[in-house]
Amino acid sequence: MAYTAQNPELSDKSKVVAGLLQIFLGGFGIGRFYTGHVGMGVAQLLTCGGLGVWALIDGILFLVSDTRTDAQGRTLRA
């Protein structure tokens, strides 16, 4: 992507996609797997997303926060 090449500190992953995946499929940890946080994804998978509460809060934070990062520490793009 040309946008990512211009700003290498931005992730190729989208915070909107991560947030929506987390809200709708957070019980499986899909939003965390998408951003590369495998350990957190497995924890959410094993706990069913904290019985849905953890997944919902995490998804909302993905959508409203500008400081969320991927597994390489790069800020998620809008």
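Before moving on, here are some points about what is shown:
- Restricted to the stretch 1-37, and to residues there that are more than 16 Å from THR67 (Cα to Cα) and touching a Phe, Trp or Tyr at 6+ places or on another chain (Cβ under 9 Å), the residue that is modelled with the lowest pLDDT is GLY26.
- Residues in the stretch 29-49 that are at negative phi, out of contact with any strand residue (DSSP E or B) (no Cβ under 6 Å at 6 or more places or on another chain), of a type outside the set (A, V, I, L, M) and outside any loop (DSSP other than H, G, I, E, B): GLY31, ARG32, PHE33, TYR34, GLY39, GLY41, GLN44.
- Restricting THR67, THR47 to those that are among the hydroxyl-bearing types (Ser, Thr, Tyr) and within 19 Å of GLU9 (Cα to Cα) reduces the list to THR67.
The values are calculated or read from the model by the stated rules, or taken from the named source; none is laboratory data. All figures in this text were calculated on a predicted structure; none of them were measured in a lab. Positions of Cβ are generated from backbone atoms using ideal geometry, with glycine treated the same way; all protein chains shown enter the neighbour counts.
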